[in-house]
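Note sheet for the following structure.
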Amino acid sequence: MQGGICGANWPANLATGSEKPMADILSFRGDPHRATEMLLPWYASGQLDEDDRAVVDAHLSQCDLCRAALERERRLKAQVAGLPVRADLGWEKLQRRLAPDRAARRLPLPRTVLTWPALTAFAAAQAALLLGAVTLFRPQGPQAAYRTLGAPAARGNGNLLIMFRPDTPEQEMRLVIGRAGARLVDGPTAAGAYVLDVAPARRENVLADLRTRHSVVLAQPIEAAP
Amino acid sequence: METVETAGRVEVGARARADDDLRLLARIRRRDLKAFEALYRHYQPRLTRFLMTLLRRPHLVEEVLDDTLLVLWDRPDSFAGRSKLSTWLFTIAWRKAMKALRRQDEPIEDPFADSRMSPDRSPEQTAGDQRMRAALLEALAALSPEQRAVVDLCYFHEIGYREIAQIMDCPVDTVKTRMFHARRHLRRELAGEFGDWI
Ligand SMILES: [Zn+2]
């Protein structure tokens, strides 16, 4: 069943594909449905040209299938638009780039943007927690939870935050940390992240290397608290 | 955050925004850093979301984002006012992002290609909504950058197909086709678990 259904030779008999998404069926059927289907995303957001909207309105008024497709389209749109993509990169940092001499010697904010793989992993498990954890490492963020985790480190508080894919075996984690020449300082945090310490001069290289590892979904610098 | 509103109210809001933008640009030309900060703070979240969706690498996103917004400060006169400022910024961001992608030696691969078949990774994750999000993120990750860009510009930023064509410098039909194939892929990926919903 799986293989043939998505192929180019779509069967004329629609009934055979009844458990497949409606969009597939509509798209291979014929012009009026397909034309409508192509425009639905912009119809749903009120962004259609006058002419196109008239065409879609006319077809929707007489097609139950496409009206149902519009409902599904609205749900998909809402779901995609609601995905948690963090979008707060720093103005402070850019400001220093603009006027390095004048800018206050403030510590840079750690990046709080999450990578796609990180989002994928944590959305599966604990979206809210990770967002909280990342905020945790911002200098002005709430830090109480962080302080309660484990004993303070011998050397520094760690300068790197790492998160593994949820299914990563402990052995593999140790291997990755060891190969990076990093020391485990803290973790797992509530969100399952670990705090590592590496020689400051090597940190950029270590981060770049960690990000290439399959088991690592997030590797971010942490700046020391002021 | 903008929400879906009636066309009329959106238009009024857009006009007020365009006015604000022009006023701030005029101040930027007089080297007013506060005006630049205001524009930066206004457009940065939307551009970051767009670039994160597109590039999926924070270090690249940060670089492209700053390069894009710095054009406002360094060459404010290069905005000729032929389009909305937001369209112009998205256009610059798109070009710089594609350049950055081409520069990367390793191709952007889908880091979850091999785990896609086992969506239930952790026993505690029960909420259907979170499973849906995870499935959606994985499905999005498998799209081409061009498809992800159209999906984000259409669904999140609610930008029309003509404006998207302008931003991505391609025919309008190409925008429609990319969106069509992207949605088909997303639905297909979600069909197994969320067939009724999607
Ligand atoms: Zn129809």
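In percent, what relative contact order does segment B:127-198 have, based on Cα pairs under 8 Å that are 6 or more apart in sequence?
Computed over segment B:127-198, the figure is 39 percent.
Could you grab the relative contact order for segment B:1-104? Cα pairs under 8 Å, six or more apart, rounded to a whole percent.
28 percent
Could you give each residue of segment B:146-154 its phi-based ³J(HN,Hα) in whole Hz, using Karplus coefficients 6.51, -1.76, 1.60 with θ = phi - 60°, and x for Gly or Pro?
4, 5, 4, 4, 5, 4, 5, 5, 7
For A:69-79, what's the mean count of beta carbons from other chains sitting within 10 Å of each residue's beta carbon?
4
Tell me which residues come under 5 Å, amide H to amide H, from A:Asp186 once H is placed; ignore anything under 5 positions away on its chain.
A:Val195
Once a ≥ b ≥ c are taken as the square roots of the eigenvalues of the Cα gyration tensor of segment B:1-104, is the result rounded (a/c under 1.5), prolate (a/b larger than b/c) or oblate (a/b not larger than b/c)?
It is oblate, given that a/c is not under 1.5 and a/b is not larger than b/c.
How would you order A:46-56, B:168-178 from highest to lowest mean count of nearby Cβ atoms within 10 Å?
So the peptides A:46-56, B:168-178, ranked by packing, come out B:168-178, A:46-56.
At a 1.4 Å probe radius, which order do B:Lys34, B:Lys96 fall into by accessible area, largest first?
Order by accessible area, largest first: B:Lys34, B:Lys96.
The values are calculated or read from the model by the stated rules, or taken from the named source; none is laboratory data. Quantities reported herein were computed from a predicted structural model and do not represent experimental measurements. Cβ sites come from the backbone with ideal geometry, for glycine too, and all protein chains shown count toward neighbours. Note: areas computed on protein heavy atoms with side chains; ligands, DNA, RNA excluded. Shrake-Rupley method; radii C 1.70, N 1.55, O 1.52, S 1.80 Å.
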